[in-house]
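Everything below concerns the one structure shown next.
The values are calculated or read from the model by the stated rules, or taken from the named source; none is laboratory data. Computed from a predicted model, the values in this text were never measured in an experiment. Cβ sites come from the backbone with ideal geometry, for glycine too, and all protein chains shown count toward neighbours. Surface areas here come from the heavy atoms of the whole protein model, side chains and all, with no ligands, DNA or RNA. Shrake-Rupley method; radii C 1.70, N 1.55, O 1.52, S 1.80 Å.
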Amino acid sequence: MTKREMIYAKFEGFEEQLAHCYFRLHERFIDNPPLARFWSEAAMDELQHYSILRFCRDRGLMAADVDFDANAVEHVEDLLETVKGIAEDPDVTIDEAFYASLLMESSEMDDVYEKLTRTLAKDHPLLYEAIHAGLRAHHSSFADAVEQFSGDRGFVEAFKNLRRNVS
């Protein structure tokens with residue numbers, strides 16, 4: 001496996017693990033159907049990110065400049081471990097769940113995802129546009145969910161800022 005393929009595979013794994021965390025949050029909040037549905041939809045978004053990265057790797061549509069700082073990869077790994085711990089907590093609160101998601105959603109992961117999928121812009125422009133629309137919608141859904149289920153203005157603004165930063 002080439003270095004590029006390994007990076008794609010690594011971030012595919014991160015996306016898949018984050019999806020699993022969001023599915024765990026879905027289970028945790030199953031007694032609140034609208035909130036549980038939000039978490040399942042967030043998980044499906046992460047599985048879509050995994051799938052798009054896998055598509056790029058399988059088709060050889062990989063970015064030429066995929067050198068990432070090892071610290072960035074390690075940082076995402078550390079954050080993911082924290083989020084896993086929060087998601088596995090049977091007593092996790094709504095605010096703690098949103099805090100955990102904000103850790104990941106504001107991490108380097110979306111920037112890396114954007115860089116790794118940038119190669120689609122040339123040969124698959126509609127897919128590339130859909131990816132960016134999906135990222136904006138993903139962050140908007142978090143902002144809306146925080147407003148609906150938590151009301152924490154700091155979290156709402158943080159997710160709105162993430163949406164604004166998606167090109």
Using only alpha carbon positions, build the gyration tensor of the range 1-56, then give the equivalent ellipsoid semi-axes as the square roots of 5 times its eigenvalues, largest first, whole angstrom. 28, 9, 4
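How much of the accessible area of the range 7-162, probe 1.4 Å, is carbon plus sulfur, in whole percent?
Ligands and nucleic acids excluded, carbon and sulfur give 51 percent.
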For a quick check: with amide H placed at 1.01 Å from N, whose amide H comes under 5 Å from residue 68's, ignoring anything fewer than 5 positions away on the same chain? none
Read phi for every residue in the range 58-66 and hand back ³J(HN,Hα) as whole Hz from Karplus 6.51 cos²θ - 1.76 cosθ + 1.60, θ = phi - 60°, with x for Gly and Pro. 5, 8, x, 9, 9, 5, 6, 9, 9
Mind giving me the FRET efficiency for residue 54 and residue 93? R0 is 45 Å, r the Cβ-Cβ distance, nearest 0.05 is fine. 0.85
Report Rg (one decimal) and Dmax (nearest whole number) for the chain, counting Cα atoms only, units Å. 15.7, 47
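Which whole-number percent gives the relative contact order of the chain, counting Cα pairs below 8 Å spaced six or more residues apart?
23
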Phi to ³J(HN,Hα) by Karplus 6.51 cos²θ - 1.76 cosθ + 1.60 over the range 6-16, Hz, x for Gly, Pro: 5, 5, 4, 4, 4, 6, 4, x, 4, 4, 5
How much accessible area per residue does the chain have, counting only protein heavy atoms and a probe of 1.4 Å, in square angstrom? 51
log₁₀ of I(q)/I(0) at q = 0.13, 0.21, 0.27 Å⁻¹ - the range 98-148, Debye sum with one point per alpha carbon: -0.37, -0.79, -1.02
In whole Hz, what ³J(HN,Hα) sequence does the range 132-149 give by Karplus (6.51, -1.76, 1.60; θ = phi - 60°), x for Gly and Pro? 5, 4, x, 5, 4, 5, 4, 5, 5, 5, 5, 4, 5, 5, 4, 4, 6, 9
